Amino acid sequence: MIRTEQKHELRQRLSEFMTEEEPLAPKTAFKTGGAAAIYLQPADLTELLLAVKTLAELKLGFLILGGGRNLLIADDGIRNKVVISLSRGFMDYEIVGSDKHSVMIRAEAGVSLAALVNLSGVGGYGGLENLAGIPGSLGGAIAMNAGAFGSTIFDHLAALWVLHDGGLCWRSPASLNPGYRDGGLGGQDIVVAAYLILPRKPVQEIVAKVNEIRSQRWRRLPQGAHAGSVFKNPDGNFAGRLLESAGCKGLRCGGAKVAVEHANVIVAEDTATSQDIIDLMESMQASVRQHCGTILQPEIRVFS
Ligand SMILES: Cc1cc2nc3c(=O)[nH]c(=O)nc-3n(C[C@H](O)[C@H](O)[C@H](O)COP(=O)(O)OP(=O)(O)OC[C@H]3O[C@@H](n4cnc5c(N)ncnc54)[C@H](O)[C@@H]3O)c2cc1C
C-alpha cells in the first residue's frame, strides 16, 4: 500500500503529470481490472527522470504500462506500486540516416508498432512486415520481444536508449540477451527510445506482404476483448495445439471464455473480471498438464 505521506510527497512533486485512482481497464486489451492508486504520465524525458528519481527517494516501485495489449490488471488495481505510462510523450519517430540499401529510424517507446509498419510501407523500408497487426507500443514490443511468423522486433534493432537505475544509458540489443517473448530488460528498466535499421524494398512488395500477414492474422483470431496468445509455445510445440487436444476450446470461468477459433486465446466478455481470466488460465494449464504433462508458461503479464 502506498502510504499517505508518500502520496502527499508525490502530489507536491509530480502533480503536473499525476492522477490518482486512474482506471486501468480501458487501457488494456481485456478491459478488466481495477485502478492505479498513483498514475504518472510524463510528457517528456525531464518529467520521466523526475518521476523515477522521486520514486527512488520514496522507495516506491513502479510498473510501466505500454499499450496494455499483453497485460492483465488485478481486480483490486495497483495499490503498492506506481504505474508509469509513456503514452503522453514519447510518440516521435524520424528517419535519422539512410543509404541506398537501408534507413535508420529513431522511434520513441510510446510509438505504436502499427505506425512503424505503416511508415515502412509508405517509405519502402522492409523488415517489419511479419509484425503487421501486432498491437501495442514499440516499448512494449521490445520488453516482450514481440514477434510473429518467424520474425521478432529484435531482428531490426540497432540500439536502445534505456533508463536504468535512474540514469540513461545505451544498450546494444544483444547485451539484453533477449529470449522468446522476453526482451531481457531488468524489472525497473524503461525503454525510452530505439534505433531500427530497415532494408530498402519496393513499396508494392511490402504492402502486399503486410496485407497478406494482416489477413492471415484476422482469420485466426476471434472477435471481442482479448490479448492474443495467453501461453507461450513450449519447445517444439504449439500451446494452441496442446490446449485444443486437451479439450479447452469453449471452456469458461465466469465471463472469461476460451475462444472456439483459437484454444490459446481467452475472450473477456463484458461481465468478465481479471480473476475469471486467471482462474481460466489455471484450468487451461491443469488440463494440458493432465493431458500430456506439459506445464504451459503464461505469455500474458499480470500486474498486481
Ligand atoms: C489481438 C492481439 C494479437 C497479438 N498478437 C501478438 C503476436 O502475434 N505476437 C506477439 O509477440 N504478441 C502479440 N500480442 C501481444 C501484444 O500485442 C504484444 O506483447 C505487445 O508487444 C505488447 O505491447 P504493449 O505496448 O501493449 O505492452 P504492454 O502490454 O503495455 O506491456 C507488456 C510488458 O512490456 C512492458 N513495457 C511496456 N512498455 C515498456 C517500456 N517502454 N519500457 C519497459 N517495459 C515496457 C510492460 O511493463 C509489460 O511488462 C497480441 C495482442 C493482441 C491484443
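We did not get these values from a lab; they are worked out from the coordinates using the rules stated. Just so we're clear, the structure is a prediction, and the values are computed from it rather than from any experiment. Cβ placement follows ideal geometry from the backbone for every residue including glycine, while neighbour counts extend to all protein chains displayed.
For the reader, a short list of remarks on this structure follows.
- For the range 103-113, Karplus couplings with θ = phi - 60° (6.51, -1.76, 1.60), whole Hz, Gly/Pro x: 10, 10, 10, 9, 10, 7, 5, x, 4, 6, 4
- Base-10 log of normalised Debye intensity for the range 222-303 (one unit scatterer per alpha-carbon) at q = 0.10, 0.11, 0.19, 0.22 Å⁻¹: -0.19, -0.23, -0.72, -0.97
- Arg88-Arg241 pseudo-label distance in nm [points 7 Å out on the Cα-to-Cβ vector]: 4.7 nm
- Shape of the range 15-114, Cα gyration tensor, a/c cut at 1.5: oblate
- Label-to-label distance for Ser175 and Gln12 is 3.6 nm, based on points extended 7 Å past Cα in the beta-carbon direction.
- Checking every one of the trypsin sites (Lys or Arg not before Pro) in the range 25-86 against DSSP loop status and a limit of 13 other Cβ atoms within 10 Å picks out Lys59.
- The HN-Hα couplings worked out from phi for the range 199-214 by the Karplus form 6.51 cos²θ - 1.76 cosθ + 1.60 (θ = phi - 60°) are x, 5, 8, x, 4, 4, 5, 5, 4, 4, 5, 4, 5, 5, 5, 4 Hz, whole numbers, x standing for Gly and Pro.
- Residues Thr28, Thr4, Thr19 in ascending order of nearby Cβ atoms (within 10 Å, fewest first): Thr4, Thr19, Thr28.
- Listed residues Gly228, Gly147, Gly187, most fluctuating in the chain (Gaussian network, C-alpha, under 10 Å): Gly187
- Each of Gln188, Ser245, Pro135 was scored by the projection of its Cα onto the charge dipole of the chain, and the greatest displacement toward the positive side belongs to Ser245; charges sit on the C-beta of Lys, Arg, Asp and Glu.
- Charged-residue dipole, Cβ positions (Lys, Arg, Asp, Glu), the range 77-145 about Cα centre, Debye nearest 20: 340 debye
- Multiplying the residue separation of Ala159 and Thr294 by 0.36 nm and subtracting their alpha-carbon distance yields 45.0 nm.
- For Ile78, distant residues with modelled amide H under 5 Å away: Ala35, Ala36, Ala37
- Working note: Karplus 6.51/-1.76/1.60 with θ = phi - 60° gives the range 48-56 the couplings 5, 5, 4, 4, 5, 5, 5, 5, 5 Hz, where Gly and Pro are set to x.
- Using the rule -39500 (n - 2.57) for each DSSP H run of four or more residues, divided by the residues of the chain, the 222 nm mean residue ellipticity is -9000 deg cm²/dmol.
- Listed residues Gly179, Gly133, Gly68, most fluctuating in the chain (Gaussian network, C-alpha, under 10 Å): Gly179
- Stretching the chain fully between Asn118 and Val207 yields a gain of 31.1 nm (0.36 nm per residue, less the alpha carbon separation).
- Leu168-Asp99 FRET efficiency (beta carbon distance; Förster radius 30 Å; 0.05 resolution): 0.60
- The count of lysine pairs in the chain with alpha-carbon distances below 29 Å, taking only pairs 8 or more places apart or on different chains, stands at 25.
- Over the chain, the Kirkwood radius and the radius of gyration, each from Cα atoms, give a ratio Rg/Rh of 0.98.
- Charge dipole (debye, nearest 20) of the chain; +1 at Cβ of Lys and Arg, -1 at Cβ of Asp and Glu: 540 debye
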